[in-house]
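Below: the structure, in C-alpha cells.
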Amino acid sequence: MSNYEARYGSSAPPPPAQTSRQPIHTHPEFRSISSSFRRFGITATALSVGAFLSYVLLSSFAPGVMNQRLIGHLTLGLTLGLAQFAVMGLTAFLYVRHMRANIDPVVRRLRAQMEEHEAEQRRVRAERRFGAW
C-alpha cells in the first residue's frame, strides 16, 4: 500500500489544485487580438502570394504580354518583377502598423493585468505563510 493510498484510501492521484488564475487564452481580449492577428495574417499572405503567383503565371503563360516594352528596354515583366519588392515592403510596413495600432496596446494591458494579478497572488501566499506568526 502506497503512502497516498494510506492517506486517502484510493490509488487515484488527487485532482489538480484549482487556482483563481484564469488562463490567458480564455481572456476575451486575448481572443480578440488573436482573431485580429489571424485575420490580418491571412489577408496579407493571400495578397502577397497572389501577387507573386500572378507574376509567375503571367511569365509562364503570357510571355508576349510580359515582353511588352514600356520605356526603352524596360518591359512589363521586369516592372512587375521589381514590383514584387514593393509588395514585400508594403506588406511588412502594413504588418508593423497593424501590430502597433491594434495588437501591442492590448498586449501591454493584458501583461500589466497578469503581472498585477501574479503580484497579488504572491502577496496573498506570503500573508498565509506568515499570518500565523
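Tabulated values for the structure
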{"quantity": "Any hit, the range 27-35, residues being surrounded by 13 or more Cβ atoms within 10 Å (Cβ to Cβ), part of a loop (DSSP other than H, G, I, E, B) and not small (Gly, Ala, Ser)", "calculated": "yes"}
{"quantity": "Among residues of the range 64-107, those that are hydrophobic (A, V, I, L, M, F, W, C) and closer than 30 Å to Pro28 by Cα, counted", "calculated": "9"}
{"quantity": "Verdict on Val96 being open to solvent by less than 70 Å² (accessible area, probe 1.4 Å) and modelled with pLDDT of 95 or more", "calculated": "yes"}
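The values are calculated or read from the model by the stated rules, or taken from the named source; none is laboratory data. A quick note: this is a predicted structure, and the numbers were derived from the prediction, not measured. Glycine also receives a Cβ, built like all others from the backbone with ideal geometry; neighbour counts cover every protein chain displayed. Protein only, heavy atoms only, side chains kept; ligands, DNA and RNA dropped before computing areas. Shrake-Rupley method; radii C 1.70, N 1.55, O 1.52, S 1.80 Å.
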